[in-house]
Amino acid sequence: MAAEHVSLLPVLLIFLPLIGALLSFVFRRRAAGLGIATAVAVFVIAIALAFSLTRPQRYPVGGWGAPLGIDLVVDGLSLIMLLMSATVGLGVSLYAGGYFHARPQLARAFWPLWLGLWTALNGLFLAADIFNLYVTLELLGLSAVALAALGGSAAALGGAMRYLLVSLLGSLLYLLGVALLYHAFGSVDIALLGERASAQPVTLAALVLMTVGLILKTALFPFHFWLPPAHASASSPVSALLSALVVKASFYILLRLWLEIFEPLNPGRGVTELLGLLGALAVLWGSLQALRQTRLKLLIAYSTVAQLGYLFLGFPLAAAVGPAAWQAVIYLALSHALAKAALFMAAGNIVLFGGHDRIADLDRVVQRLPLSLAAFAIAGISLMGLPPSGGFIGKWLLLEAAIEAGQWWWVVIILIGGMLAAAYLFKVIGFAFTRAPVSHEANAVPPVMEWTALVLAVGTVLLGLWVSPLLAWLATGNPFGVGP
Amino acid sequence: MTPRGAAPWLRFSVALLLVGMFAALAWVLLGLPPRSAGLQPQVAAQMAVSGVDHPVTAVLLNFRGYDTLLEMAVLLLACLGVWSLSPAVPPTDETPGAMLAALPRQLVPLMVLMAGYLLWRGATGPGGAFQAGAVLGAAGVLLLLTGWRLPVRWQGWRLRLLLIAGVGMFVLVALAVVPASGVLLGYPLPVAGTLILLIEALAGLSIGVTLMALFLGGEPGASR
Amino acid sequence: MNHWYDWVPLMLLGSSLLPGLVIFALPERSVRLRTVLNLSGAVVKLLLVGWILRHIYFDYAVLFETRLTLIPQLDLALRIDPLAMLFVTLSSVLWLLTTIYAIGYLEGAPHRSRFFGFFSLCVTATVGVALAANLFTFLLFYELLTLSTYPLVVHRGSDKARRAGQSYLIYTIVGGVLLLLGTVWLYTLTGSLEFTPRGFVADLEQRHHPALILIFILLIAGLGVKAALVPLHGWLPQAMVAAAPVSALLHAVAVVKAGAFGIVRVVYEVFGVQFAASLGVAVPLAIVAAITIIYGSIRALYQDDLKRRLAFSTVSQVSYIVIGVALAGPVAAIGGIVHLVHQGLMKITLFFCAGNLAETLGIHKISEMSGVGRRMPWTMAAFTIGAFGMIGLPPVAGFISKWYLSLGAIEAGQDWVIGVLVISSLLNAAYFLPVLYTAWFGTPPERWPQARDFGRRETARALLFPTLVTGASALLVGILAATPFSPLAWAKLIIEREFY
Amino acid sequence: MAIATLLGWALDGLLMLVLLWLAWRVLACKGLFRAVVLFIAFGLVLSLVWVRLDAPDVALAEAAIGAGLTGALLLSTLARLDALDAKQDEDASS
Amino acid sequence: MSVAVLYAVTGLGLFSLGLYALIVRAHLLRKILALNIMGSGVFLVLTALARRAPDGPPDPVPHAMVITGIVVAVAATALALVLLRRVVETTGQPRLPDPDSE
């Protein structure tokens, strides 16, 4: 398949941010300009790839082909993930342009690290080789930790340290799984492993190791403790990145491995039910904790823990209903990425303007930032799964799958999660309507920061209306197989 | 991760759990076929067109060159992360003892020569960019320990250029060969060897400088 | 979307959505521009409705439909049909009047751009609810209605308003979740949610019937929250703390009617009346409605605050519509559907009067209303017409709907419903006549709580004009019921389509 | 020939035991400085193991980077931590 | 029971020891050492099983992976050590703050 014209777009998606990172590291004064230019270029290429992709493409790097060389693969699933990281990436880059304008010292470090992280993300979504996934995962982890520690406060450093330890542990567990799979079946290419893997103890051991490693990095319920301090104490563009994109990368790998290697061996319902249960616990625990928080960014971080729980409901539902469940999960992930990024940006504006993020006395600040509040509310609507939003479509598809599967306990979890999300988000939105006296004139928020938050929030509404083309893109080369 | 001075019963249960894991994984390993060649035959078959004679270097820089490129990016970004965290904290610079002062004068030129040899030998035997870079880095650490400081002229963009030289060259070559061989990182056969050597030379240099920068533990010349 | 007719439903929505979005962006001080935008939006919508009514009345076959496919078998569809046009006409007429009223009422109040922005969004959602061609689009606009009315309820910003807003949210979001569950479950069973006259679930196999009963309960519970059926009505009296135009909009035009309209859609165009009766869910629905009618009237008796009394009266009045629908007979259905319009006109008049009294004389309690008839004769005249209508005295519109409901009850063989109607009329009289008596024959106090002087006229023109128009229309609709253009004739046209 | 394989087995067995024992001591011994020094020794023994497994490249890399550089980083961090403790004690006491 | 598999089992032993210390030990430097030892354990598994090639040279692909792994490990350790120093500078003690003391 390497003969016919193989478009260079996927390769550009990886090398452009890398070149951007190198240049913005050397030419420090022009780092912001370079960063935003790269962001726009990557966004345009991602859109071009989306429109030009008709069949899944396999790109053999170096021309060597699967067992020996490394391949890059683009199919519906990786395409949607690339679009997600391109859209949120462009939004965060513009936001960071405004945010770091007043902090040149941090900006010098932010841009190369962020573009390096973007390289890792795009490389990860395109990789078809599990060891290559390990290297991209490590690149992602290190740059995410460095970005999380950018703030320099005690809380940020503590959170970043714990995040680094958990991330390294997850990577090592994953690597041990890679070693077992390589030595058992003689290749690290996902497609070849899919063909050669058979239901032996070594495959089960690799499945357990890699799954534990990856759910550690995705902060699924029992291993979620590291996420809230790290995401809440980071600076707001970084929190937006971490919650919207970084956490989903390891989920994407778990999904890719599960679909192509482990599911065909149908390792019994135990694994899927367990993952579904952990997801359900994550939804409940995350939402209840979010309800309890008194600080805005911690509330949003716990909301991430909750929303990630929904993604793991896909495992038991897909076992019963097939690809429809995965389409719902990916659509939820996509709309959560945009909504969460907009939420953290709006929260960032409020914290920047008010000087604090205590929810209790937020009302004076909120009424001085109508655009940020509108962004917060619209993005919140998508997180609650109320129409018209992408979150609603995702929730609808997931409910449909759960009802068709006849597994009513997941239906209850999805509905309760939605209501709890409404509770902790309206707790914050409610402050917009108090009669607080108009507050002092604190440091004004650059307009670009408010508008990017609003545009991303409106994006979630568009996701609620412009659904069929996205679902069609997701289905190219039906990544989720034909279903049971 | 658990709080300070974990309770004894917790230690015991963790230990028990880990022994169980160890036993299960060991049993799985013993179950693997005792004799398996892995990808060695395929590598040997393609050695002729790989541009180098040593299999490990061929895998590192040609067959799985994309991995190595990303891995050098990891090293660079780690250095970036270290720089973003703190300014350089040179080791305690009270004047070194007589023995330590004399050591670098003899050793450093030898180590640089050693690094060059390792780099060259990488094409035919064990050696290559990483080992050469490591030796260069060790030489740098030795110099830093004995009070040598990076001249100010070299602390600005020149140092940063050196740091990105390795990855930059790899990216340049990777993209430059696309028109010739039609695919990323596809070195055209006649020049494959020289290209690999070029990449390895710059990679070795920038890995050495990066390791030295990591030892400094921060950005030289940055104010905090 | 090929024929230009397909753009008409969107134009209906846009006529209130676009001004709303622009008003959101307007700074607080540009009053004149905001007023112009508001009124022009309302007038354009009214003209559009008039044009469509004329069009539909003559060649009924033409189809205005906008369709956007979201998920392969599920699309966002807006369609114009007689039932939808009844509700759209009511809401656009009353929206124009309520806008005029609100402009007068909120003179100099803070946050008016925000208020009128959400005001327009709320009407857009109402029109969307009316025009929805399938249950999915209905659900979308139903939830959008919740989101756009919450800011109106809490607009005042006082602690009481925010607590009322919180309880409003809890009720409506739980209701929304029940409706969502019912809709998705129905979709998994039938595969399509398009509203079709006489329902589309009748041909499902027998084994699905228990599931269909559960789905019916879920849907009616979800809609019942907004239609204020008894156990779910708690939010409505508390929402009275909002400004008068908001309570008028909520109770006569938008929220409550959306719930009742939803029940009409579900019973007629999802289940079909005969199938609902055969499932045995119609009678329990009638019983719940009856309980609400009686309970609402009894609670209204004990309220001294005028707006809370009107709120409980709304709780009972809306259930007339529900009971009309639940009686599964064509005549009762005509009574129920026409009451949708009549109750709207009468209740908005009463709320406008309550607003006038509060705004001009600072009267909130009924005990303070003695002799107010002498001070504000026109307002009290409109109030009297509205009150008579509520009781069901002949010339006013309320009598027509109660008359058809009673006939329908006999025709459907549910004679006990007539008893319920009679008791409720007596209760209506019990809580309205004393108010009229004190207003007209009581002795006015020396000084009103906060009397504001408007020179020769009794109150601001913008407050008085809408009140009189709605009062007069409530009367006219009653008197001219037999003419072809009256809501009664329109209701008969709708029922013809549903039953035969 | 049998003796060579026997010797080989003995060496491998010894290396494995030393490796495990060093790892345990690094993680369980009292002082941090002692742990770092033992860790450097662990790196060197590991290089020997790589040689025994016919992986000269890895042995070189391990010796230079694993033992050498990581050791240097650990020692310099340890020195800075002690300097920080000394400064904190002196701040505390002054 | 060839030597290669035995070495691989030793690698697993190192991995388990490291994981135990990572969880139980509180001092951050100890945790970083534990992570390094776990990494060496995994590399040992990778390289040892490469030696199962019947005769002739061992499989070079795991060797390349291990070299990449070692460089990544030193990068991660360097970042961890500087982060540790910054944590001690700001919080005064080389331990992780208790998770629930936000």
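Points to keep in mind about this one:
- Separation of alpha-carbon centers, the range E:1-48 and the range B:154-224, rounded to whole Å: 32 Å
- Cα centroid separation - the range C:370-434 against the range B:116-148, whole Å: 99 Å
- Cα-Cα P(r), the protein assembly as shown, percent of pairs per 10 Å interval: 1, 8, 16, 19, 16, 12, 10, 8, 6, 3, 1, 0, 0
- Here, the range B:42-216 has an Rg and a Dmax of 17.9, 59 Å when only alpha carbons are counted.
- Taking the three principal axes of the alpha carbon atoms in chain C, the coordinate ranges are 72, 53, 45 Å, sorted in descending order.
- Surface/4 of the Cα convex hull for the range B:75-163, nm²: 7.1 nm²
- Placing unit charges on the Cβ atoms of the charged side chains and taking the dipole of the protein assembly as shown about its Cα centre, the candidate lying farthest along the positive direction among C:Leu33, B:Phe130, A:Ser93 is C:Leu33.
- Rounded, prolate or oblate (a/c below 1.5 giving rounded, otherwise prolate when a/b exceeds b/c) for the range C:372-438 by Cα gyration tensor: oblate
- With helices as the sole contributors, chain C gives -23500 deg cm²/dmol at 222 nm; each DSSP H run of n ≥ 4 counts as -39500 (n - 2.57), and the sum is divided by every residue.
- Averaged over B:176-189, number of beta-carbon atoms from partner chains that fall within 10 Å: 4
- Charge dipole magnitude, Cβ of K and R +1, D and E -1 - the range C:235-375, Cα centre, debye nearest 20: 220 debye
- With only the Cα atoms considered, the range A:283-484 has a convex hull volume of 101 Å³ per residue.
- Segment C:Arg198..C:Ile479, full-extension length gain: 98.0 nm, with 0.36 nm per residue of separation and the alpha-carbon distance subtracted.
- Ranked by the mean number of other Cβ atoms within 10 Å of their residues, highest first, the peptides A:271-277, C:265-271, A:44-50 fall in the order C:265-271, A:271-277, A:44-50.
- Here the relative contact order of chain A, from alpha carbon pairs under 8 Å that lie six or more residues apart, stands at 16 percent.
- Shielding score for B:130-141, defined as the mean number of other chain Cβ atoms within 10 Å: 5
- Dipole magnitude for the range C:299-500: about 520 debye, using +1 per Lys or Arg Cβ and -1 per Asp or Glu Cβ, origin at the Cα centre.
- For the Cα trace of the range B:127-224, dividing Rg by the Kirkwood Rh returns an Rg/Rh value of 1.09.
- Estimated from helices alone, the mean residue ellipticity of chain D at 222 nm is -28500 deg cm²/dmol (sum of -39500 (n - 2.57) over DSSP H runs with n ≥ 4, per residue).
- Start at zero, step by 10 Å, and the Cα-Cα distances of chain A spread as 4, 21, 33, 27, 11, 3, 0 percent across the bins.
- Charge dipole (Cα centre; +1 on Lys/Arg Cβ, -1 on Asp/Glu Cβ; no other charges) of the protein assembly as shown amounts to roughly 3020 debye.
- Efficiency of FRET from Cβ geometry, A:Val40 and D:Asp85, R₀ 45 Å, rounded to 0.05: 0.35
- Förster radius 35 Å - calculated FRET efficiency between C:Arg461 and C:Leu426 (Cβ-Cβ, nearest 0.05): 0.40
- Chain C: relative contact order as a whole-number percent, Cα under 8 Å and 6+ apart: 14 percent
- Label-point separation in nm, C:Leu468 to C:Ala211, each point 7 Å along Cα→Cβ: 5.9 nm
- Two-site FRET efficiency, B:Arg121 against E:Ala26, from Cβ-Cβ distance with R₀ of 45 Å, rounded to 0.05: 0.50
- Across peptide D:9-20, the mean count of Cβ atoms from other chains lying within 10 Å of each residue's own Cβ comes to 3.
- Per residue, the convex hull volume that the Cα atoms of the range A:58-162 enclose (Å³): 111 Å³
- Relative to the 2.2 N^0.38 Å rule of thumb, the range C:162-260 has a C-alpha radius of gyration ratio of 1.27.
- Looking at the range B:135-189, the trypsin sites (Lys or Arg not before Pro) that sit in a DSSP loop and have at most 16 other Cβ atoms within 10 Å of their own Cβ are B:Arg149.
- Ranking C:His3, C:Leu186, C:Val318 by Cα position along the charge dipole of chain C, where only Lys, Arg, Asp and Glu carry charges on their C-beta atoms, puts C:Val318 farthest toward the positive end.
- In this simple spin-label model, placing a label point 7 Å from the Cα along the Cα-to-Cβ direction at both C:Arg32 and D:Thr5 gives a separation of 10.6 nm.
- Rg and Dmax of the range D:2-93, Cα atoms only, in Å: 17.6, 68
- Under 13 Å, Cβ to Cβ, from E:Ala73 - net charge with Lys/Arg +1 and Asp/Glu -1: -3
- DSSP-assigned coil residues among chymotrypsin sites (Phe, Trp or Tyr not before Pro) in the range D:30-78, each with at most 14 further Cβ atoms within 10 Å: none
- Label-to-label distance, nm, for residues given as C:Leu68 and C:Ser167 (7 Å Cα→Cβ offset): 3.7 nm
- Lysines whose Cα lies under 25 Å from that of A:Lys395, excluding same-chain neighbours fewer than 8 positions away: A:Lys217, A:Lys248, A:Lys297, A:Lys340, A:Lys427, C:Lys226
- Expected 222 nm ellipticity per residue - DSSP helices of 4 or more, -39500 (n - 2.57), all of chain E, to 500: -27000 deg cm²/dmol
Rule-based calculations on the coordinates, nothing more; no lab input. On a predicted model such as this, the values are computed, not experimentally measured, just so you know. With ideal geometry, Cβ positions are generated from the backbone for all residues, glycine too; neighbour counts draw on all protein chains shown.
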